[in-house]
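Step one of this worksheet: look at the structure below.
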Amino acid sequence: MRASFGRVELRADHVAKYFYAHLFAANPGVRSLFPADMTEQRDRLFAALTAVVQRLDDPDLPGYLKALGRDHRKFAAEPAHYEAVGQSLIAALRFASPMTWDAETEAAWLGAYKVLAEAMLSGAEEADREQAPRWWDCRVLAHSRPARGVAVLTLAPGGHFPFRAGQFVSVASERLPHVWRPYSLAAAPRADNTLELHVSRVDGGLLSPVLTDEVREGDILRLGPATGMMTLREPVRNAALVAAGTGWAPVRALLEELTHRPPVETRAFLVARATGEVYDDRTIRGIGEVYPWLNLQVLSRAERLPDALSAYAGWEHQDAYVSGPPGFISYATDLLAGTGVPPGRIRHDPVPLPQRTPRGVGHAQWFLDPRQPQWINPADR
Ligand SMILES: NC(=O)C1=CN([C@@H]2O[C@H](COP(=O)(O)OP(=O)(O)OC[C@H]3O[C@@H](n4cnc5c(N)ncnc54)[C@H](O)[C@@H]3O)[C@@H](O)[C@H]2O)C=CC1
């Protein structure tokens with residue numbers, strides 16, 4: 001599977017287009033479940049597939065797939081859709097590698113897809129049995145813009161919204177139907193059931209400009225179920241929390257949860273946004289009073305992190321939590337591992353894999369199945 005995916009990945013755009021064309025042609029009713037503009041959606045298919053193929057041996061994969069299936073209920077995904085997606089996926093993969101696709105490869109993909117679909121469906125069925133809502137409609141109670149390109153939203157869910165500090169949710173706005181994006185919850189569960197999101201505006205992004213610039217108090221946002229493994233590891237030990245930009249959100253939630261636990265030595269390192277701002281300065285200014293056991297350092301640039309980390313010892317006895325832009329997560333995780341934190345003790349949310357191969361292929365490359373030298377790739381011209 002990995003070998004065949006390596007070849008297909010080179011033609012990711014073509015394969016994804018073929019996959020959706022096949023899916024919508026064979027199942028016309030399915031089209032309305034997807035956004036009007038499919039450009040981003042196509043990339044997401046490959047990000048998801050890549051993540052699964054890279055993690056085939058990962059013992060956490062079944063749990064991840066079950067959570068994914070539970071989460072997919074918000075898309076109104078039914079068992080028949082899983083069947084249809086499987087057929088279109090195999091058709092697209094076969095189409096993309098005509099010279100190398102054989103019965104053995106097809107059997108491997110069919111088997112893997114069956115395992116994947118069964119795990120996701122079992123997650124969805126479990127949620128159905130628990131009568132868990134497919135999504136939560138949440139009213140925007142407050143919307144503020146504490147810094148350039150950042151919005152803080154306070155939400156009131158229609159009913160009880162179960163989650164743990166450090167988790168994230170998928171969010172959609174009625175202003176942009178069917179477009180869902182993940183955001184970390186910026187506070188631990190509260191007595192009044194309200195939730196907080198910190199949104200950084202991504203230029204050219206789809207949902208973040210809507211959430212920062214258009215959403216108003218009184219709007220309804222739709223939230224999928226909370227998920228993610230950046231929760232406090234039990235039993236709670238000394239902890240290092242490392243965040244950049246709005247990656248501060250889940251760290252703030254974890255700090256709030258730590259106030260309800262017996263005190264442990266906690267260090268936090270917050271790197272300012274690329275624009276130079278630390279947007280939650282009101283919380284940060286009063287932090288010593290609320291969290292007397294916390295040592296917080298605010299750093300103006302990520303390059304200051306190595307020195308800040310090396311000023312401390314005893315890293316091998318810490319749990320570490322990292323959040324921020326994907327490049328920052330890899331950077332900080334490597335630094336922490338270098339200071340002696342065992343890799344199994346560093347928690348962060350899933351990071352999209354960097355694209356390994358250039359996109360866009362010419363007719364010649366499309367025709368010749370094996371990987372070709374860079375010079376015939378139009379994207380490199
Ligand atoms: N659970 C999580 O991991 C969360 C992740 N995020 C992500 O964090 C980002 C926040 O955006 P902004 O606040 O605009 O932050 P930003 O884009 O301004 O970046 C914050 C800091 O990260 C550093 N950084 C960025 N890329 C780096 C790299 N490759 N290596 C080393 N350092 C790097 C920059 O120096 C910058 O100072 C978004 O990508 C968002 O998706 C946000 C919330 C939670």
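Read-outs throughout are calculated quantities, based only on the coordinates presented, and are distinct from any laboratory measurement. Given the structure is predicted, the values throughout are model-derived calculations rather than measurements. No Cβ is skipped: glycine too gets one built from the backbone with ideal geometry, and neighbour counts run over all protein chains shown.
For this structure, a couple of remarks:
- Centre separation in Å (Cα based) which lies between the range 4-77 and the range 111-168: 19 Å
- Sorted by Cβ neighbour density within 10 Å, fewest at the top, the residues HIS72, HIS317: HIS317, HIS72
- Least to most buried among LYS17, LYS74 (fewest other Cβ within 10 Å first): LYS17, LYS74
- Per-residue [θ]222 nm for the chain (sum of -39500 (n - 2.57) over DSSP H runs n ≥ 4, rounded to 500): -11500 deg cm²/dmol
- DSSP beta bridges in the chain [antiparallel fraction, %, rounded to 5]: 60 percent
- Three-way shape call for the range 239-347 based on the alpha-carbon gyration tensor, with the a/c threshold at 1.5: oblate
- Within straight-line cross-link reach of LYS17, lysines at Cα separation under 23 Å, skipping those fewer than 8 residues along the same chain: LYS114
- Within the shell defined by Cβ-Cβ distances under 12 Å, the residues around ARG70 carry a net charge of 0, with Lys and Arg each +1 and Asp and Glu each -1.
- Which of LEU299, LEU89 has the fewest Cβ neighbours within 10 Å, and the rest in rising order: LEU299, LEU89
- Applying the criteria of a DSSP loop state and at most 10 other Cβ atoms within 10 Å to the GluC sites (Glu not before Pro) of the range 78-172 yields GLU130.
- Between ASP57, ASP43, ASP71, the Gaussian network model of the chain with springs among Cα atoms under 10 angstrom shows the greatest mean-square fluctuation at ASP57.
- Relative contact order (%) - criterion: Cα under 8 Å, at least six apart; region: the range 201-327: 33 percent
- Rounded to 0.05, the FRET efficiency of the THR100 and GLU130 pair, given R0 = 51 Å and the Cβ-Cβ distance, is 0.70.
- Rounded to the nearest 10 degrees, the inclination of helix 326-339 to the longest alpha-carbon principal axis of the chain is 60 degrees.
- 0 to 90° range, to nearest 10: angle between helix 61-72 axis and the chain longest Cα axis: 90 degrees
- Whether the range 2-131 is rounded, prolate or oblate, judged on the alpha carbon gyration tensor where a/c under 1.5 counts as rounded: oblate
- On Cα atoms only, tilt of 12-26 relative to the major axis of the chain in degrees: 70 degrees
- When the Cα gyration tensor is reduced to axis lengths a ≥ b ≥ c, the ratio a/c is 1.5 or higher for the range 180-238, and with a/b above b/c it is classed as prolate.
- For the chain: span of alpha carbons on each principal axis (Å, largest first): 65, 45, 39
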